[in-house]
1. For segment 401-419, name all the residues that are touching a strand residue (DSSP E or B) at 6+ places or on another chain (Cβ under 7 Å) and within 13 Å of the ligand (Cβ to nearest atom).
2. Within segment 331-350, take every residue that is assigned to a loop (DSSP other than H, G, I, E, B) and either more than 9 Å from the ligand (Cβ to nearest atom) or in contact with a helix residue (DSSP H, G or I) (Cβ under 6 Å, 6 or more places away or on another chain) (or both) and give me the one that is most open to solvent (accessible area, probe 1.4 Å).
3. Residues 636, 615: which one is among the small types (Gly, Ala, Ser), without any contact (Cβ under 8 Å) to a residue 12 or more places away in the chain and either within 16 Å of the ligand (Cβ to nearest atom) or open to solvent by 10 Å² or more (accessible area, probe 1.4 Å) (or both)?
4. Do you know which residues across segment 231-240 are under 13 Å from residue 156 (Cβ atoms) and open to solvent by 70 Å² or more (accessible area, probe 1.4 Å)?
5. Residues of segment 284-330 being open to solvent by 10 Å² or more (accessible area, probe 1.4 Å), in a helix (DSSP H, G or I) and among the basic types (Lys, Arg), which ones?
6. Count, please, the residues in segment 379-400 that happen to be more than 21 Å from the chain's Cα centre (by Cα) and either charged (D, E, K, R) or within 14 Å of the ligand (Cβ to nearest atom) (or both).
7. Cβ contacts < 7 Å: first residue open to solvent by less than 10 Å² (accessible area, probe 1.4 Å), restricted to segment 475-502; second residue hydroxyl-bearing (Ser, Thr, Tyr) and within 16 Å of the ligand (Cβ to nearest atom), any location; separation 6+ or different chain. Result?
8. Given 289, 285, which one is touching a helix residue (DSSP H, G or I) at 6+ places or on another chain (Cβ under 9 Å) and closer than 28 Å to residue 209 by Cα?
Amino acid sequence: MTKRLWDITELYFDPKRQHHYETLFTIGSGYLGTRGAFEESYPGDTPATLIHGIYNHIPGALVPELVNAPNWLPINVTVDGTPFQVILNVDKADFMTPPNGLALGYSRSLHMDTGLLQREVLFRAASGNIVRLTFSRFASLHDQHVMAQRLTVTAVDGSPAITISAGIDTHVTNAGARHWSADRQIKASGSRCAVQVTTEPSGYTVGMAAALISDYPTHGITEGLRASMTISFTLQQEESRIIDKLTAIYTSRDVINPLETAEAKLEEAAVIGYQMLFDAHCHEWEKYWTTADIRIDGDEEIQRAVRFTTYHILIPTPRYDERASVGAKTLSGLGYKGHVFWDTELFLVPPLILSQPHLARNLLMYRYHNLHGARNKAKANGYQGAMFPWESTDTGEETTPQWSDPQPDGTRIRIWTGDSEQHISTDITYAILKYWRWTNDREFLLKHGAEIVLDTAAFWGSRVEYNAEQNRYEVSQQIGPDEYHENIDNSVFVNRMAQWHLQTALDLLEWLRANAPADADRLTTALDLTPKRLTHWRDVIAKMYIPFDREQGIHIQFPGFFEMEYIPVPKYHPRTRSVQEIIGHARTIQSQVIKQADVVMMMALLGEDLSVPAGLDVRQVMINNWNTYFPRTDHGSSLSPAMHAWVAARLHLNDEAYEMLHHAAHIDLQDNKGNVRDGIHAAACGGVWQAIIFGFCGLHIDANGELALDPHLPAHWREVNFNVYYRGEQRTFSVKNSV
Ligand code: IFM
């Protein structure tokens with residue numbers, strides 16, 4: 001495999017795509033993420049550093065959000081007094097001596113194997129002297145409190161006088177929303193500078209300290225909300241200089257004195273130096289990729305795209321923090337305000353279970369630590385047990401906004417997901433079970449996981465409604481994965497998954513009684529799992545209403561679905577917008593257009609355990625379901641294509657599987673939803689990994705508890721190689737194409 005398949009490269013700078021690339025080129029350490037804005041800034045740029053757990057709710061705002069931290073990127077260079085900027089076009093008259101300088105060459109690459117972002121610009125100053133500037137940056141995976149930058153300046157033509165000013169800027173907002181109190185510490189002296197800021201009203205403190213490392217006398221200064229350090233020197237023709245900037249960071253979530261601790265860490269890092277920090281960082285990346293990388297022989301485009309999506313699974317996932325989780329847009333943008341959805345458990349956690357189980361555990365522990373919020377939500381809604389919030393932050397309470405931001409006409413739209421998208425509790429249980437089956441982490445299951453599974457089952461036991469006339473249990477007022485259809489009764493996804501959940505809880509309790517009786521007793525008492533309650537669960541399982549059309553042999557997404565207007569989605573191909581955007585919201589919700597995998601999602605999760613009425617063949621039902629729902633789905637959500645790829649591969653629908661995989665893998669790279677500026681689509685990234693491993697390669701645990709493959713690779717793929725962890729051991733797979 002050639003090295004270039006590890007790189008995403010931008011060969012010229014297009015200001016119209018700057019926000020897209022800022023997101024793509026996010027670097028991260030599992031502690032923070034920093035968007036790929038330029039060191040020297042650019043008009044209209046949106047630099048952001050988002051740190052796990054640092055949320056703030058401004059009075060009057062609808063919901064809390066993850067806060068944009070002080071910007072640690074600034075490095076400003078002047079060449080013979082001309083400020084360096086990526087200036088691309090100048091008037092013809094100015095071409096030889098443009099007053100603001102000119103970028104003669106530009107390229108920027110994200111090296112995904114090492115998490116290094118590098119940019120090289122050939123810059124001609126107004127004086128006519130030309131320099132090559134190479135900027136490198138990484139957020140250390142070895143020491144999550146350290147970030148490093150390197151600037152190499154080379155005099156290509158002439159003997160330019162260079163000034164470099166580098167520092168930390170606390171003048172940052174979340175798209176205008178101010179989270180940092182006016183009370184800040186900003187200081188600079190010699191080659192060091194530091195800042196400390198506190199969110200208001202949540203009271204989180206962030207301390208950052210930076211050093212500029214060079215052989216030149218350095219002056220520290222503070223100007224307004226920024227602290228910086230400055231050096232000046234002259235280069236002879238063809239001479240090069242390397243200047244390093246190191247930054248250390250701590251928050252009050254880590255230590256009681258973030259600023260002092262950051263300053264001490266900075267001195268430690270300065271002694272180690274850029275190169276050794278980078279070597280240690282690369283070593284950690286190598287360990288990540290050993291089990292996260294999927295090597296595809298025969299498809300370079302998908303190979304690179306899959307590395308990109310995997311990179312964006314790895315960089316936001318907390319390494320040492322089990323009280324933070326990954327939001328729907330990772331730490332790469334302000335979209336969804338850093339809130340955590342089901343995207344984490346069903347899309348991100350499974351790849352991590354197989355590739356970095358300790359990271360998957362951290363994410364599941366976040367839910368355990370937030371059980372109190374889930375219990376509060378259940379109680380507030382009149383239910384028992386634990387009902388997880390649809391959107392979650394640092395408090396574990398429901399944080400879904402009830403209303404949208406104002407629309408162009410000034411009105412706001414009611415958002416129902418926080419009320420009605422209740423399947424998230426089962427999604428979390430599903431992830432816990434998957435983690436348990438793949439890792440055998442008994443300690444986690446007994447101390448933490450089982451409590452979540454059982455208490456969320458208690459929620460469903462109290463949530464279902466008995467329909468005496470039909471002698472069946474139903475669930476009203478739901479939003480399934482297909483969010484175009486809100487507050488519907490008897491979503492087949494919700495009902496079947498709740499039934500699966502209750503059965504899983506009963507099986508788990510039985511297993512605990514046999515294998516860990518003390519824990520079974522403890523949980524039975526603590527969660528009040530009385531015989532009466534368990535009998536009720538069995539009754540619900542037996543009588544749950546699963547909407548099904550026997551004549552057609554298909555699951556019904558929800559009763560009434562097929563009575564709505566039929567709009568064949570393929571009729572709108574090719575399109576760059578969702579069908580919902582084309583035909584409008586009002587018509588969509590009265591139609592059979594589906595936003596994202598719903599019945600198909602159920603097939604991805606349950607596979608042949610889908611359960612179908614007696615006498616019917618499950619595979620045939622799956623094919624019928626596919627033929628029914630695929631042409632009705634507009635993939636208005638980025639979560640959709642990868643799940644379709646997975647299921648299509650299992651159904652041996654090779655063309656559809658590949659088309660969906662290609663779509664999913666390029667959602668961010670090609671910005672085919674037009675909103676990557678707001679952040680990476682985390683779920684799509686996790687979905688791609690699963691589509692390849694579970695779908696195309698068919699990796700599964702067989703009836704004997706052994707790992708097995710059932711591959712259906714695209715015809716042009718020669719081979720897929722990967723390593724996964726199974727019950728503590730690393731296993732290697734090589735899947736050759738037999739087509
Ligand atoms: O969780 C998803 C949801 O399924 C579709 N809308 C976007 C959310 C966040 O990614």
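1. 415
2. Only one residue fits best here, namely 334.
3. 615
4. 236, 237, 238 - these are the residues of segment 231-240 that are under 13 Å from residue 156 (Cβ atoms) and open to solvent by 70 Å² or more (accessible area, probe 1.4 Å).
5. 287, 304
6. The number of residues fulfilling the criteria is 1.
7. Pairs that qualify, where the first residue is open to solvent by less than 10 Å² (accessible area, probe 1.4 Å) and the partner is hydroxyl-bearing (Ser, Thr, Tyr) and within 16 Å of the ligand (Cβ to nearest atom), are 478/420; 478/491; 479/417; 479/420; 480/491; 497/426; 498/426; 501/426.
8. On the way: 289 fails: closer than 28 Å to residue 209 by Cα.
Result of the check over 289, 285: 285.
The values are calculated or read from the model by the stated rules, or taken from the named source; none is laboratory data. Every value quoted in this text rests on a predicted model; they were computed, and no experiment measured them. Neighbour counts are summed over all protein chains in view; Cβ atoms, including those assigned to glycine, are modelled from backbone coordinates with ideal geometry. Only protein heavy atoms, including side chains, enter the accessible area calculation; ligands, DNA and RNA are left aside. Shrake-Rupley method; radii C 1.70, N 1.55, O 1.52, S 1.80 Å.
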